[in-house]
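A.B. asks: Below: one structure in structure tokens.
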Amino acid sequence: MIRDNHYIANYPFPAEKAAPYFQFTINDIHDGSAYYTAPPHAHTHAYFEIFLVEKGGGQHTIDEVAYTLEDRSVHILQPGVPHYMILTKETRGCVIIFSLDVLAGDTNTINDSLISFFRSILAKPTAQVSARSFTELMTIIGLMKIDKKTVPPSAERNAYIRSLFAAFLLTLKPNFTISHKEQWGDSLTMMNKFHELVNKYYHEGLPIADYAAKLGTTEKTLTRAVKKHSGETPAKVIRERVMIEAARLLQHTTYSVKEIAYHLHFSDPAHFVKVFRAAKKCTPLEYRKAVAE
């Protein structure tokens, strides 16, 4: 489906919810009800949302498809996908809002596979899980809920949440599958394969034309496929992945900003700083200092 989001409001990550270098928070499902007032309106987010519906009631429309909010159901909303909700007073549950930067804390194949999975288009954005699995998910959520007043943000606190969140996603992932060619067509298959290639080659500074060549297509066709299914350009997808790696290197190495810039194939450190500031709202050195506190 080709989305025209020109007239749809897009919400950035709520500044009051978390620091820009650790965009993660857990809310009651009714928190943010201003989005869902009658009449409901479609809108998009610049971040991910995972809704865990403990007690059903109401309806969730995602990309023009209406889904019932059922007991023990999970809804995954990806960035840029239009949605709106109609909740009832009986609806109970919570919503996790996050950016994939949260997984930038550790360089390992598990986190990389999770990044690749959640950047791909899902066959269906909702799933009803077993009572046992739902209990496990809610238990992990309970452990991730930390009172900021008693335990202020710190590198150790964020690492603790990050590890639990990876466990949460690994528990959740088997309930969802990536869309296949038969359902959506060649363009979706191409976009999902593009995400896999980005996860493999993002640090090499390859131009879009090289990714297209690896996929056996043209740059124009690749751009059309990625924008059709995600609303983003291939360049933005690559840049977001590069920024995740930049955050990892700033957190876990002593590499200088200059070394990181050249490692990630930026033309010069000044360009890297400019791109990083635009993405994170702070300089690389400010980011490094903040995550170390």
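The values are calculated or read from the model by the stated rules, or taken from the named source; none is laboratory data. Remember, it's a predicted structure, so these values are computed and weren't measured experimentally. Counting neighbours? That spans all protein chains shown, and the Cβs are built from the backbone with ideal geometry, glycine included.
A.B. asks: Consider only pairs whose beta carbons are under 9 Å apart and that are at least six residues apart or on different chains; among these, list those whose first residue lies in the range 111-131 and is assigned by TED's automatic domain parsing to the domain that holds residue 169 and touching a residue at least 60 places away in the same chain (Cβ under 8 Å) and whose second residue is buried (at least 18 other Cβ atoms within 10 Å of the Cβ) and of a type in the set (D, E, K, R).
C.D. replies: Correct list of pairs: 115/241; 119/240; 119/241.
A.B. asks: Restricting to the range 43-90, what's the tally of residues that are surrounded by fewer than 16 Cβ atoms within 10 Å (Cβ to Cβ) and hydrophobic (A, V, I, L, M, F, W, C)?
C.D. replies: Adding up the residues that qualify gives 3.
A.B. asks: For residues that are aliphatic (A, V, I, L, M), surrounded by 17 or more Cβ atoms within 10 Å (Cβ to Cβ) and at pLDDT 75 or above, tally how many sit in the range 3-33.
C.D. replies: 2
A.B. asks: Going through the range 128-169 one residue at a time, which ones are farther than 15 Å from residue 94 by Cα and among the small types (Gly, Ala, Ser)?
C.D. replies: Passing the criteria: 130, 131, 133, 154, 155, 159, 163, 166, 167.
A.B. asks: Scanning the range 34-52 for residues that are under 21 Å from the mean Cα position of the chain (by Cα) and either over 18 Å from residue 165 (Cα atoms) or assigned by TED's automatic domain parsing to the domain that holds residue 231 (or both), which turns out modelled with the lowest pLDDT? Before you say what the answer is, go through the steps one by one.
C.D. replies: As a first pass, look at the range 34-52 and keep what is under 21 Å from the mean Cα position of the chain (by Cα): 35, 42-52.
After this cut, where a residue has to be either over 18 Å from residue 165 (Cα atoms) or assigned by TED's automatic domain parsing to the domain that holds residue 231 (or both) as well, the list is 35, 42-46.
Working: 35: 48, 42: 82, 43: 83, 44: 84, 45: 86, 46: 82.
The extreme case among them is 35.
A.B. asks: Considering only the range 227-281, how many residues are among the β-branched types (Val, Ile, Thr) and within 19 Å of residue 162 (Cβ to Cβ)?
C.D. replies: The qualifying residues number 2.
A.B. asks: Counting just the residues of the range 72-99 that are among the charged types (D, E, K, R) and touching a residue at least 40 places away in the same chain (Cβ under 8 Å), which one comes out nearest to residue 230 (Cα to Cα)?
C.D. replies: The qualifying residue nearest to residue 230 (Cα to Cα) is 72.
A.B. asks: Please work out if residue 64 is among the acidic types (Asp, Glu), in contact (Cβ under 8 Å) with a residue 60 or more places away in the chain and in the same structural domain as residue 162 (by TED's automatic domain parsing).
C.D. replies: Yes, satisfied.
A.B. asks: Since residue 217 meets every condition but one in (1) out of contact with any strand residue (DSSP E or B) (no Cβ under 8 Å at 6 or more places or on another chain); (2) part of a helix (DSSP H, G or I); (3) not aliphatic (A, V, I, L, M), which condition does it not meet?
C.D. replies: Going through the list (1) out of contact with any strand residue (DSSP E or B) (no Cβ under 8 Å at 6 or more places or on another chain); (2) part of a helix (DSSP H, G or I); (3) not aliphatic (A, V, I, L, M), residue 217 breaks only (2).
A.B. asks: Sticking with this one: Among the residues of the range 189-212, are any among the aromatic types (Phe, Trp, Tyr), buried (at least 16 other Cβ atoms within 10 Å of the Cβ) and either under 21 Å from residue 122 (Cβ atoms) or under 15 Å from the mean Cα position of the chain (by Cα) (or both)? Can you show your working first?
C.D. replies: Going through the range 189-212, the residues among the aromatic types (Phe, Trp, Tyr) turn out to be 194, 201-202, 211.
Now narrow it down to the ones that are buried (at least 16 other Cβ atoms within 10 Å of the Cβ): 194, 202, 211.
Applying the additional criterion that residues be either under 21 Å from residue 122 (Cβ atoms) or under 15 Å from the mean Cα position of the chain (by Cα) (or both) yields 194.
Scanning the range 189-212 turns up at least one residue that is among the aromatic types (Phe, Trp, Tyr), buried (at least 16 other Cβ atoms within 10 Å of the Cβ) and either under 21 Å from residue 122 (Cβ atoms) or under 15 Å from the mean Cα position of the chain (by Cα) (or both).
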